[in-house]
Amino acid sequence: MIKIAPSILSADYVNLQRDIEKVDQGGADYLHIDIMDGSFVPALSYGPGWVKAIKPITGLVLDVHMMVINPERYVEDFAKAGADIIGVHVEATPHIHRALQMINNAGSKAEVVINPGTPVEQIKPVLHMVKQVLVMTVNPGFGGQKFLPETVSKISQLNQIKKQQNLDFDIEIDGGVNDKTVVEAYKAGATVAVAGSYIFDADDPVSRINALKQATK
């Protein structure tokens with residue numbers, strides 16, 4: 001069964017605590033927090049202060065996805081704010097090894113992220129450093145996009161490398177996730193699924209969490 005990480009990008013900002021508590025009590029495993037700088041992706045979103053404010057109201061793993069250029073600048077701030085996992089894009093820094101090293105040294109779990117157009121080959125040298133790999137299944141920056149089926153082969157590749165090299169990392173997917181698309185990704189080796197609009201746009205978000213778990217039993 002896949003682990004579920006509701007993305008608060010699609011939650012009600014005015015009633016954020018209510019929405020977080022709803023998915024926390026409804027069986028979510030992680031809480032996915034998208035950090036966007038308006039440069040690496042067009043949109044803007046949360047800073048470390050949001051993570052610090054969210055930390056006391058939930059026991060969920062705080063899964064922080066940094067869609068920012070030169071993420072090294074902010075790693076320590078997000079770690080201090082309470083991020084359990086910090087994900088950085090290989091495309092966002094010429095120093096991916098250093099960025100991941102900084103995350104591990106700061107006491108958070110390191111995650112490397114790849115966009116739909118980035119080959120798995122590009123992150124092979126750092127896979128031994130991470131506890132999670134995030135495969136973007138849409139182009140990052142906006143919620144509500146359609147799942148890109150060509151990204152599934154990357155999940156399979158990562159799963160194969162993981163087994164061959166006896167590595168220990170979760171494979172997370174993010175973008176266009178619903179009870180149909182999650183099945184193919186899970187079969188390919190995905191272990192964590194981020195879902196935003198699929199969960200929070202529903203009248204009953206908890207039923208959507210259950211649907212994703214049931215689909216991957």
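Computed from the coordinates by the stated procedures, all read-outs in this text should not be read as laboratory data. This structure is a prediction, so every number in the text was calculated from the model and none was measured. So basically every Cβ, Gly included, is an ideal-geometry build from the backbone, and we count neighbours across all protein chains shown.
Using 0.36 nm per residue and subtracting the Cα-Cα separation, the extra length available between Asn105 and Ser156 on full extension is 15.4 nm. Cut-off 10 angstrom, C-alpha nodes, Gaussian network model of the chain. Which of Asn139, Asn104, Asn166 fluctuates the most? So, out of Asn139, Asn104, Asn166, the one fluctuating most is Asn166.
The residues Glu172, Glu121, Glu111, Glu76, when put in order of fewest to most other Cβ atoms within 10 Å, stand as Glu121, Glu76, Glu111, Glu172.
Amide H contacts under 5 Å for Tyr30: Ile4, Ala5, restricted to partners 5 or more places along the chain or on a different chain, H placed in the peptide plane at 1.01 Å from N.
Selection among Ala106, Pro125, Ile173 by position relative to the dipole of the chain gives Pro125 as farthest towards the positive end (Cβ unit charges, Cα centre). Counting alpha carbon pairs within less than 8 Å and at least 6 residues apart, what relative contact order, in whole percent, applies to segment 24-109? 28 percent. Shape verdict for segment 82-128, please, from the Cα gyration tensor: rounded (a/c under 1.5), prolate (a/b greater than b/c) or oblate. Taking the square roots of the gyration eigenvalues as a ≥ b ≥ c, segment 82-128 is prolate.
Computed about its Cα centre, the charge dipole of the chain is approximately 480 debye, with only Lys, Arg, Asp and Glu carrying charge at their Cβ. In summary, the convex hull built on the alpha carbon positions of segment 3-215 has an orientation-averaged projected area of 10.4 nm². A crude spin-label estimate for the pair Lys124 and Val183, with each label 7 Å from Cα along the Cβ direction, gives 3.3 nm. The convex hull drawn around the Cα atoms of segment 1-97, when projected onto a plane and averaged over every direction, covers 6.7 nm².
Each residue in Asp63, Asp19, Asp168 was given a count of other beta-carbon atoms within 10 angstrom of its own, and listing them fewest first yields Asp168, Asp19, Asp63. Between segment 177-217 and segment 39-73, the C-alpha centres lie 22 angstrom from each other.
Multiplying the residue separation of Glu21 and Asn139 by 0.36 nm and removing their Cα-Cα distance gives an extension gain of 39.6 nm. Among Gln145, Gln17, Gln165, the largest mean-square fluctuation in a Gaussian network model of the chain (Cα springs under 10 Å) belongs to Gln165. Tally Lys and Arg at +1 and Asp and Glu at -1 over the other residues with C-beta under 13 Å from the C-beta of Val192: what net charge comes out? Spelling it out: positives minus negatives among the neighbours equals -3. With contacts taken as Cα pairs under 8 Å at a separation of at least 6 residues, the chain carries a relative contact order of 22 percent. Of Met66, Met1, Met36, the sequence from fewest to most neighbouring Cβ atoms within 10 angstrom is Met1, Met36, Met66.
Extents of segment 99-217, largest first, come to 42, 29, 27 Å (Cα atoms, principal axes, whole angstrom).
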